[in-house]
Amino acid sequence: MYRVWNFLTSYSLLLIIGALLALVWANTSADSYHHFVEFVIWDHAPIGHLHDGHRTLTLHYLVNDVLMALFFAIAAKEVWEAVILEEGSLRGKKAATPLFATAGGMLGPIVVYLGMAWFLWNDTFHDVANGWAIPTATDIAFSYLVGRMVFGAGHPAVRFLLLLAIADDAAGLIILAIFYPSGDLAPAWLLMSLAAAVGVFVLFNWLPRRMDVGNQDRPNSTWVREKLGFWPYAIAGCISWYGFQESGIHPALGLLPIVPTIPHADRAFGIFSEAEQYLTDLLNHIEHALKYPVELVLFLFGLLNAGVVFSSIGEPTWLVLGGLLIGKPVGIALFGIVGAHVLKLGLPAGMRTIDLVVVGCVAAIGFTVSLFVASVAFDPGPVQDAAKMGALFSFFAAAVSLVVGQLTRVEKVRA
């Protein structure tokens, strides 16, 4: 039923290749790598003040601030369907305990990160404190793959982990928007994004359907879909992106207001469900069309962001790892226990309380989003490089998960 490997190869394998190439390049020729990352594509670009306060469009800005918007749009699509659709995975009592555990999986890493920074490296606390959100992230694809390796495809803990990871991504998007602005805040510009979202929804989604009420042939909706396709939403997306960019909120989140306006299916099969590829609604059609472009974007993201020299390992590296490898499991286990047993929300049938610890270890694989947050939390330099190294090292959580699974005697359940 699940197409985990297809998803992994689509959205993560090229990212890993790009990250590995970046590590090799940065550690063999740091200067040429830096010049590549900061390659100037367009000087005096007519698109407002960019991240450096000027109108210089660099390769790094193009990938991180413009093209990564496509990746976050796909993440938002999965979160949106999980929340809004009647059978969405984040609706109802079945999601109550995973959502409560997600809160622990966010707070635990923050407490450990800031606690370690304060008690162990108090003299540099203010230099590293802004990276508190880096270890809150969970990489959906890799954590899900490792979860299946630890629990087996049919274990209820795997479904629990997936719900937690999706909710974690939703919280991560909110954190990025609120706590990591890309410049001086000018919230009035968000009215442009709001207007784009409302306008495209009313004119190209709600109005055609309204005009087709009582007519099973749906001529207006069909004409809009066949003649205009995704173009109205692409134009609205560009307008929304510009509104975010000018508002000071990270523009990589600029497409998020447009995702809910796109016509979508009446039900969700799940992020790894084989049936998802057969849905023909416009939202899923756009997601499928973005498959190969996003693969390339993630490759470039890994290539442009993971190039750190091994000598840059330092305090932020251990803070990020501590937040992920200690804060995640402890936070998820504690909040999961409170939700399941104190608040009587319960656990899925067949899932033990001790499995919450294993789930927490698996969820400690941050990688993609952790790497992105590290790139916006700190200015380029030693602190950012050290934090990125911690995000890359979070892959060790996979080995920790396998060991903890053995120690807690997890019984694998085949699908």
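A short reminder: the numbers here are calculations on the coordinates, not readings from a lab. Please read these numbers as outputs of a predicted model, since none were measured by experiment. Using ideal geometry, Cβ is built from the backbone for each residue, glycine included, and neighbour counts are taken over all protein chains shown.
Here are some notes:
- Charge dipole (the stretch 182-262, unit charges on Cβ, about Cα centre) - positive-most of 228, 197, 240: 228
- Residue 411-residue 265 FRET efficiency (beta carbon distance; Förster radius 41 Å; 0.05 resolution): 0.70
- Vicinal HN-Hα couplings computed from phi for the stretch 70-84 (Karplus, 6.51 cos²θ - 1.76 cosθ + 1.60; Hz; Gly/Pro x): 5, 5, 5, 5, 5, 4, 5, 4, 5, 5, 4, 5, 5, 8, 8
- Near residue 42, the amide H atoms lying under 5 Å from its own belong to 57; only residues 5 or more places off or on other chains count, and H is placed 1.01 Å from N.
- Here the scattering of the stretch 154-219 is modelled by Debye summation over its C-alpha atoms, one equal scatterer each and no solvent; at q = 0.16, 0.18, 0.21, 0.22 Å⁻¹ the log10 of I(q)/I(0) is -0.82, -0.83, -0.88, -0.92.
- Trypsin sites (Lys or Arg not before Pro) within the stretch 84-167, DSSP loop, no more than 12 other Cβ atoms inside 10 Å: none
- Selected from 371, 30, 185, residue furthest toward positive end of dipole (the chain; charges at beta carbon): 371
- Karplus-derived 3J(HN,Hα), 6.51/-1.76/1.60, for each residue of the stretch 154-164, Hz, glycine and proline x: x, 6, x, 5, 5, 5, 4, 4, 5, 4, 4
- Shape category assigned to the stretch 62-200 from the gyration tensor of Cα positions, a/c cut at 1.5: oblate
- In nm, spacing of pseudo-spin labels at residue 38 and residue 379 (7 Å Cα→C-beta vector): 1.2
- Centre separation in Å (Cα based) which lies between the stretch 392-415 and the stretch 167-199: 36
- Residue pairs, from the table 93/291; 93/328; 227/291, whose Cα atoms sit over 27 Å apart: 93/291
- Simple spin-label estimate for residue 178 and residue 129 gives 1.8 nm between the two label positions (7 Å along the Cα-to-Cβ direction from each Cα).
- Expected 222 nm ellipticity per residue - DSSP helices of 4 or more, -39500 (n - 2.57), all of the chain, to 500: -17000 deg cm²/dmol
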